[in-house]
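Notes follow once the structure below has been shown.
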Amino acid sequence: MIETISDLLQSIRDFLWNYILVFLLLGTHLYLTFALRVPQRHLLKAAKCYFPGKDKSDGQISQFSALMVSLASNVGVGNITGVAVAVAMGGPGAIFWLIVTGILGMSTRYAESLLAIRYRVQDKEGNLSGGPMYALERGMKCKWLAVLFAVFTAIAAIGIGNLAQANTIAQTVPFSPQTTGIVLALLVAGVLICGLKGISRACSALVPAMALIYLLGCGILLVINFSFIGEAACLIVEQAFSFSAASGGAVGASIIIAMREGASRSLFATEAGLGSAPIVSAAVKTDNPVQQALVAYTAPFWTVIICTLTGVTLTTSFLAAGHTDATQFNMLSAFSSIGSLGSILLTISLSAFAISTLLGWSYYGEKSLEYLGGRRLIIPYRLLWVVAVYIGCVIHKSDVVWNFSDIANGLMAIPNLICVIALYRIVRKETDYYLTDNNLHKKDETPIPVVEEKK
């Protein structure tokens with residue numbers, strides 16, 4: 001019975017992520033990129049907004065802190081193991097399509113983050129809330145879609161954002177699952193006690209550190225395999241447009257598989273269009289919605305950099321090892337080629353990526369439940385989150401739990417994309433005024449609505 005359920009969920013998960021979401025998300029990315037006149041070209045201007053240099057009156061955390069929380073949830077284990085799977089399934093050409101999809105996704109992240117600021121609300125204590133559920137309710141006047149989004153987010157948070165990450169840590173570190181579970185649960189509890197500010201402080205310290213450690217490992221490998229970098233780059237581009245038959249299939253199947261695997265991995269890794277990251281954007285101190293939208297849309301860019309580095313490192317490593325088939329190689333094989341140091345760096349990177357994702361998603365789930373039932377659910381939810389961390393460490397990996405979580409994770413995108421497209425005129429109007437007309441540092445004086453606590 002369990003196997004039947006697992007197989008059914010796996011089929012739904014694969015169909016949702018490899019077909020439905022590829023078309024919906026990629027289509028939205030393309031549409032918004034051209035409709036907003038390629039907002040990716042403002043990347044340098046966005047980077048200047050990381051540290052605005054003055055205090056803002058409305059908001060709980062800085063724009064840089066929000067970016068770190070967003071990156072913490074984006075840059076997870078999937079950026080290491082997931083890219084390797086994409087290369088194994090779609091060949092090195094999948095890396096090219098991963099890059100293209102990720103860059104296009106910046107437009108969608110920009111739009112959804114802008115709407116999160118535009119439709120955010122606050123309670124009597126000044127605590128801010130926002131994200132797709134509030135844009136759906138207040139902007140589209142569609143409460144039922146807002147509720148659906150919040151429910152899907154709460155489910156995905158416990159599964160893909162908690163259990164999966166804790167399980168990965170327990171399988172990676174050289175300690176017993178029970179010991180790992182206790183230590184990790186206590187660490188997470190200590191951070192959650194401080195709420196969003198605690199999460200943002202932890203992520204602001206953890207994300208740059210884990211990126212540097214991973215960059216060090218990949219850098220060592222690329223130096224060792226320097227003579228293969230050119231060949232790897234040529235192979236990635238060549239296989240991205242290869243029309244040869246794949247695994248005995250029809251001619252042209254190779255490029256289709258590479259596109260599908262690269263795009264689906266990019267969509268999953270960057271989370272652009274899923275609607276999760278805008279939840280933390282709503283709590284930011286910012287002059288106007290466009291300023292924060294620009295900062296937020298750099299998260300997919302940095303995620304793509306990490307994924308690209310992973311893909312290139314993997315490709316050069318299996319070329320250096322004399323392999324011709326990417327399915328016979330993974331990041332563990334690559335890092336093991338530099339001895340015990342490589343294994344240590346990979347272990348630390350995997351653990352740090354998983355912990356950061358766990359912290360980032362805790363806030364997404366918390367705000368979703370708060371939307372559904374009010375702030376009275378926050379303390380019970382945090383207790384549940386800490387318990388789930390321990391459970392994730394000690395249980396055996398269950399395909400049923402992980403596939404169900406992946407499905408909920410993907411289903412978040414549907415109401416969010418409907419919202420982004422339906423409210424496109426708002427996004428375009430704000431963009432024209434603040435960005436096109438050079439009013440980026442003007443203060444938006446629109447008051448943030450105060451809402452009553454849900455009973």
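Within the stretch 29-46, can one find any residue that is touching a Gly at 6+ places or on another chain (Cβ under 8 Å) and modelled with pLDDT of 90 or more? Among the residues of the stretch 29-46, at least one is touching a Gly at 6+ places or on another chain (Cβ under 8 Å) and modelled with pLDDT of 90 or more, which makes the answer yes. Could you please let me know if residue 286 is within 21 Å of the chain's Cα centre (by Cα) and among the hydroxyl-bearing types (Ser, Thr, Tyr)? Judged against the criteria, residue 286 is not a match.
In the stretch 186-243, the residue that is modelled with the lowest pLDDT out of those that are aromatic (Phe, Trp, Tyr) and under 30 Å from residue 256 (Cβ atoms) is 243.
Name the residue that is modelled with the highest pLDDT, counting only residues in the stretch 266-285 that are in a helix (DSSP H, G or I) and within 14 Å of residue 104 (Cα to Cα). Restricting to residues being in a helix (DSSP H, G or I) and within 14 Å of residue 104 (Cα to Cα), the top hit is 270.
Condition check ((1) open to solvent by 30 Å² or more (accessible area, probe 1.4 Å); (2) in contact (Cβ under 8 Å) with a residue 60 or more places away in the chain; (3) within 14 Å of the chain's Cα centre (by Cα)) across all residues:
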site: 68; (1), (2), (3): no, yes, yes
site: 72; (1), (2), (3): no, yes, yes
site: 81; (1), (2), (3): yes, yes, no
site: 92; (1), (2), (3): no, yes, no
site: 98; (1), (2), (3): no, yes, yes
site: 108; (1), (2), (3): no, yes, yes
site: 115; (1), (2), (3): no, yes, no
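Of all residues in the stretch 164-179, those that are in a helix (DSSP H, G or I) and either among the small types (Gly, Ala, Ser) or surrounded by fewer than 23 Cβ atoms within 10 Å (Cβ to Cβ) (or both) total 8. A single entry from 372, 358 fulfils the requirement of being in a helix (DSSP H, G or I), surrounded by fewer than 20 Cβ atoms within 10 Å (Cβ to Cβ), out of contact with any Asp or Glu (no Cβ under 8 Å at 6 or more places or on another chain) and of a type in the set (A, V, I, L, M): 372.
Right, residue 230: of a type in the set (Gly, Ala, Ser), on the phi < 0 side of the Ramachandran plot, open to solvent by 30 Å² or more (accessible area, probe 1.4 Å) and without any contact (Cβ under 8 Å) to a residue 24 or more places away in the chain or not? Here the answer is yes, as residue 230 does meet what is asked. The number of residues in the stretch 117-138 that are open to solvent by 20 Å² or more (accessible area, probe 1.4 Å) and touching a Leu at 6+ places or on another chain (Cβ under 7 Å) comes to 1.
The values are calculated or read from the model by the stated rules, or taken from the named source; none is laboratory data. The shown structure was predicted, so the numbers you read here are calculated from the model rather than taken from an experiment. All Cβ positions, even for glycine, are placed from backbone atoms using ideal geometry, and neighbour counts span all protein chains on display. Accessible surface is based on the protein model in full, side chains and every heavy atom, while ligands, DNA and RNA are left aside. Shrake-Rupley method; radii C 1.70, N 1.55, O 1.52, S 1.80 Å.
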